[in-house]
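To start, the structure itself, in structure tokens.
The values are calculated or read from the model by the stated rules, or taken from the named source; none is laboratory data. Everything numeric in this text was worked out from a predicted model, so none of it was measured. Backbone-built Cβ (ideal geometry, glycine too); neighbour counts: all protein chains shown.
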Amino acid sequence: MKNVKMLALAGATFAAMTAGSVQAEQYYGFMDVSLNYLDWSDKAEDRSNNGFGGAKEDFFYLEIEGGAGYDWGDVYGFVDFENPQNTNTSERDFSGAPVTDSFRIAAKGSIAYNIGKSNWNAYGHIYSLTVGGEGFFDQNIVVGASYDINTESGFWMKPFLGLHYENQTFSGSGFNGYMAGWVLGYNFKAMGQDFMVSQWHETEFAREDQFRGNGTEHTLKSVGQNGAVALWWNMTPKFTTGIQYRYADNKLGTAAYHDAIIYTAKYNF
């Protein structure tokens, strides 16, 4: 039921974000579906599974992603179906050893609304994770401001800063400090092929003690890092492949630095 509500929330968020855009001038838009494999490093698995919390295991996930830019601002969102082959494991609970292969749904929606004719935006995003068989959920809402940086060289960047509100199974809900970060990309050609380098990054700081526990004797620091750097090869207009370096420090339930490689194949609509 939580997963159904999760999808309903994601759908409602997208509907709300795109409402009123019918009469707006659209500058760009994209949508893709991808198959991904996340391979945690040995270091990440050792640290996560031996005392630092947040047990980790490699997994497949399916992703639906899309975004659009209008004369009033831009929207972006994705829905991930992690371990989709294990959708019928609803009998699992929190007892016993940590379960790392449960079916999970992760979703994010963001909106940046232009402030006048400046490059500043009113910014907000919501990220939610639900674990199908264990009843765990974690929702993060950020509200603040962002800034658009666009260049003729093919480089673009959107830094943001906002207040962070969290709602989680074990920690409850409330204000949880602040979040700063950015998304960026650089499009270039090499050997006659189209490539792009991209990154997303989030830094949480001044986090409340309420949200820093992870079920072990270790405590998450008041500052946490989360993000990924990617290289994409646009093989054809319809097909893209890429490799991502995924990193986190005192995030994702683990009170240590941990990282992974993600292999991705996308179909572009």
| task | Find all pairs meeting these conditions: Cβ atoms under 9 angstrom apart; at least six residues apart or on different chains; first residue within the range 189-206 and closer than 17 Å to THR236 by Cα; second residue small (Gly, Ala, Ser) and in a strand (DSSP E or B). | result | MET196/GLY185; MET196/ALA230; MET196/GLY242; VAL197/GLY185; VAL197/ALA230
| request: Quickly run through the range 61-83 and pick out the residues that are farther than 28 Å from GLY162 by Cα and either at pLDDT below 90 or loosely packed, with under 15 Cβ neighbours inside 10 Å (or both). | output: LEU62
| When you scan the range 159-194, how many residues do you find that are more than 30 Å from ASN49 (Cα to Cα) and either surrounded by fewer than 16 Cβ atoms within 10 Å (Cβ to Cβ) or touching a Cys at 6+ places or on another chain (Cβ under 9 Å) (or both)? | 10
| field | Scope the range 97-131; condition touching a Lys or Arg at 6+ places or on another chain (Cβ under 6 Å) and in contact (Cβ under 8 Å) with a residue 60 or more places away in the chain; matching residues | value | THR130
| Qualifying position, being over 19 Å from the mean Cα position of the chain (by Cα) and either at pLDDT below 95 or under 21 Å from THR130 (Cα atoms) (or both), among PHE188, PHE175 | PHE175
| remark: Counting only residues in the range 39-52 that are crowded, with 19+ Cβ neighbours inside 10 Å and outside any loop (DSSP other than H, G, I, E, B), the one modelled with the highest pLDDT is identified as TRP40
| request: Please specify each residue of the range 148-164 satisfying the condition of being touching a residue at least 24 places away in the same chain (Cβ under 8 Å) and touching a Leu at 6+ places or on another chain (Cβ under 9 Å). | output: ILE149, PHE155, TRP156, MET157, LYS158
| field | Boolean, ILE261 is in contact (Cβ under 8 Å) with a residue 60 or more places away in the chain, closer than 23 Å to ILE64 by Cβ and in contact with a strand residue (DSSP E or B) (Cβ under 7 Å, 6 or more places away or on another chain) | value | yes
| remark: Across (1) more than 22 Å from MET157 (Cβ to Cβ); (2) of a type in the set (Gly, Ala, Ser); (3) crowded, with 16+ Cβ neighbours inside 10 Å, GLY242 clears everything bar (1)
